[in-house]
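Asks: Pasting a structure here, questions to come.
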Amino acid sequence: MEKLIPFVQINLFLVVFYAIYWLFLRKETFHQVNRFYLLGSSILSVMLPFIDLSSVRTWAVTGEIQNLIYEYNLPELVVSQNTDHSLNWVLIISILYLTVVALLFLKLAFGVARAYAIIQSPSFNESNAFSFFGIIKIDKKLPHFRTIRAHERVHTIQLHFLDLFFFELLNVVFWCNPVVYLYKFTIKNLHEFLADQEASRTLPSVADYATLLLSKQFKIAPEHLFVQPFYNKSTLKMRIQMLLKGKSNNWAILKYGVVAPILFLAVLASSVSCSDTNVNEPVEIDLSKDETLATPPPPPPPLPIDEADAASKIQKKEIFTAVEQNPEFMGGQAAMYRFLGENIKYPAAAQRADVSGRVFVKFVVEDDGSIGDVVVMKGIGFGCDEEAIRVVKSMPRWKPGVQNGKNVRVYYNMPIVYKLD
């Protein structure tokens, strides 16, 4: 499941950033700024989950968020009473998803090749004006040739075709997210607004340019991939409305400031989820199997009296949620789950009541490696909570966590899943 977190984050960021555009920015006439906002926010959404945010994880506020909402520091321990292995639905869904991505990519490549072949046709160029990947084609018999060329030159000079190509790729990879289609639709409109804004200056008035758009001189050709026509019936009304709209007040530019706190929250969200103590794959312990597990590490010797006195003062020390060097069970994580597998029991009361579910146990690895402050954050009862506490408390001493060269106390969370089939 850990591998799905960046994918989920990207889709969530895309939704949030587009929602900001829709709520605050879409009615403004800062078309170039809006264009760069859509491009920048979508690129940032894709990159943010993969950026190294180790410095952000040292912020105090990041630690507080981890302490409040971060639930899965350790992989789930699944306590099962059967030997059946269910299908890996995540793998199956991933294969199906990637298959669709591959088919859409092939469709995109075919669409580009087909569009290029079509625009070479003399019949397509008749009474038509368009640009395609920087290539401008205008029927010279059309009126206002200079104005139309100015419009298409904006598409070419400002590299609008690269925007379209990027958002087509975004549609291919994140095809299940409807917001990516809104990104593509919106960027196409912004391209036309920018080109209309520039081309209308070649005529005496905006009304003259609107009249040109409404003229019947243009051929209504079917839409093709990356072909940016001067005349597009589906966007005509919107383009004329934007032409006739008054220029946005300069103070409206301050609306873009709303992006700053959202971006800050996005960075914090990524830093928390990208922590070294992220979710790992669950570890399943099948209690119905009769097999010999490796001998667990011996329990630690009892604390001397002076160490016990010192331990009573531990509560005054800070507890970390992320440190430079994480605590480690002696022998590693595999040894820890071998130990837990030998010691945990599925309570008889829970089996009789057919109770299964997830118990969230929170504990502290002390600066001397011992286990303390074991509590159940969420339980299911019938003895499962008490059994979870007992087995976690019985763990031998860990190698303590280190921060700034000193042993420190570190929070850990362990979901224990009791499963009956």
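Asks: For R114, R409, R153, what ranking results if the residue with the fewest other Cβ atoms within 10 Å of its Cβ goes first?
Replies: Ranked by crowding around the Cβ, least crowded first: R114, R153, R409.
Asks: Right, another one. Of L103, L213, F193, which is farthest along the charge dipole of segment 98-226 in the positive direction, counting Lys and Arg as +1 and Asp and Glu as -1 at C-beta?
Replies: Towards the positive end, the residue furthest out is L213.
Asks: Within 10 Å of each residue's Cβ, count the other Cβ atoms and sort L214, L203, L169 from fewest upward.
Replies: Ranked by crowding around the Cβ, least crowded first: L214, L169, L203.
Asks: For a quick check: sort V392, V417, V101, V365 by the number of other beta carbons within 10 angstrom, fewest at the front.
Replies: V101, V417, V392, V365
All of the numbers you see were taken from the coordinates with simple rules; none came from a lab. Here the structure is a predicted model, which is why all the values come from computation and not from measurement. Here the Cβ is made from the backbone with ideal geometry for all residues, glycine too, and neighbour counts use every protein chain on show.
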